[in-house]
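**Q** This structure is in structure tokens; I'll ask about it shortly.
The values are calculated or read from the model by the stated rules, or taken from the named source; none is laboratory data. Given the structure is predicted, the values throughout are model-derived calculations rather than measurements. All Cβ positions, even for glycine, are placed from backbone atoms using ideal geometry, and neighbour counts span all protein chains on display.
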Amino acid sequence: MSYPSSALIEISNLDFPKTESLFLSALEFSKKPGSLNFAAKTAALLFFEPSTRTRFSFEAAAGRLGLHPLLLDGAAGTSLEKGESIEDTVLNIAAMEPAVVVIRCGDEIDLYDLQKKIKMPMLNAGWGKKAHPTQALLDALTMKANGRDFKKEKLLVIGDVKHSRVIGSHFQLAKILGYEIAVCGPKEFLPEGFQGTYFSQLAEGLSWATSVMALRVQHERHGEKYSVASYREQYGLNLQKLKSWKSDGLVMHPGPVNYGVELDLDVNQDPRCKILEQVKWGTYLRQALLANVLSQKVVS
Ligand code: CP
């Protein structure tokens, strides 16, 4: 697949030097958030599907860069309610010449095709079940900011891998940065033909891992098969299960969290829990990405 210019649609659009440069920009912005200004430019933030962390962090990042956001937050109040298609909506907003288009949408949209049509920088802010590259990048940045050496890092992803767009982006990013990934959870939560490292028992997975990431269980898809109680008992993280785990381990979750299912509220008290830190790094990562894509530095 040939890469569109100035777009991040999947992690495979990056390589090690580009990723490293992105992380360095994000770390710089964390020290001087207002150090670059793109005043008089606009950023189209088009969220056709619900979002809290990604949408607000792109808004915060755009604001720190002096970019004016053109925000679409669901169909309400737009001509989508009158039957206009998502593609036509994007093409019309692109005709207003924003400096960058950030988009969250479902699998039915072909982002590569859309980027070719609008011919402007595009950033994927969560694409159906296919990819969520900025989430994987901010998770990795959280590891880096906590002093982790990617070459020694073993990330255990617990839960609903089958329906996660985050994990697909992590598998691509792990190839670039060199961390290992294993998966833990009910066998039925694995993607078809999964060939990677798998632990059916949480305790075994924890003893292998240096970092863990719990995923939201999408009960609407598994409902009858897995009760909340049995999933929580076998795979849910709580302080008791983490008591004897590595003192320097990292606990992450991309959010939103189903508290009392994949993770208990008490885990937030544990200093190893980095869930809100992930959100903070997400704003700097997205600021770095916007700045770099507008300067044509990182993604090309
Ligand atoms: N992790 C993530 O994408 O969260 P939101 O859906 O709230 O943006």
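**Q** Sort through Phe23, Phe48 and tell me the only one that's closer than 19 Å to Glu108 by Cα and in contact (Cβ under 8 Å) with a residue 12 or more places away in the chain.
**A** The unique qualifying residue is Phe48.
**Q** OK, next. Enumerate the pairs (first residue in the stretch 255-276 and of a type in the set (S, T, N, Q); second residue anywhere and at pLDDT below 95 and outside any helix (DSSP H, G or I)) with beta-carbon separation below 9 Å, excluding pairs fewer than 6 apart on the same chain, so at least 6 apart or on different chains.
**A** Listed pairs, sorted by first residue: Asn258/Arg216; Asn258/Val217.
**Q** What number of residues within the stretch 1-57 satisfy the criterion of being out of contact with any Phe, Trp or Tyr (no Cβ under 7 Å at 6 or more places or on another chain) and either among the β-branched types (Val, Ile, Thr) or within 16 Å of the ligand (Cβ to nearest atom) (or both)?
**A** 16
**Q** Moving to a separate point now. If you take the residues of the stretch 255-264 that are within 16 Å of Val157 (Cβ to Cβ) and assigned to a loop (DSSP other than H, G, I, E, B), which of them is farthest from the ligand (Cβ to nearest atom)?
**A** Looking at residues that are within 16 Å of Val157 (Cβ to Cβ) and assigned to a loop (DSSP other than H, G, I, E, B), I get Val261.
**Q** Given the structure, is Tyr235 modelled with pLDDT of 95 or more and either surrounded by fewer than 22 Cβ atoms within 10 Å (Cβ to Cβ) or of a type in the set (Val, Ile, Thr) (or both)?
**A** Answer is no for this residue.
**Q** Which one of these is charged (D, E, K, R), at pLDDT 95 or above and more than 16 Å from the ligand (Cβ to nearest atom): Glu153, Glu192, Glu188?
**A** Exactly one residue qualifies, and that residue is Glu153.
**Q** Let me ask something else about it. Please go through (1) under 22 Å from the mean Cα position of the chain (by Cα); (2) loosely packed, with under 14 Cβ neighbours inside 10 Å; (3) of a type outside the set (Lys, Arg); (4) more than 16 Å from the ligand (Cβ to nearest atom) for Ser244 and return the number of the only condition it doesn't satisfy.
**A** Evaluating Ser244 over (1) under 22 Å from the mean Cα position of the chain (by Cα); (2) loosely packed, with under 14 Cβ neighbours inside 10 Å; (3) of a type outside the set (Lys, Arg); (4) more than 16 Å from the ligand (Cβ to nearest atom) leaves (1) as the failure.
**Q** Is it fair to say Lys175 is more than 18 Å from Glu262 (Cβ to Cβ), assigned to a helix (DSSP H, G or I) and either touching a Ser or Thr at 6+ places or on another chain (Cβ under 8 Å) or in contact (Cβ under 8 Å) with a residue 24 or more places away in the chain (or both)?
**A** The answer is no for Lys175.
**Q** Can I ask one more? Please return the ranges of strands (runs of 3 or more DSSP E) entirely within the stretch 1-120 where 1 or more residues are of a type outside the set (Gly, Ala, Ser) and over 30 Å from Ala174 (Cα atoms).
**A** Here the list reads 42-47, 68-73.
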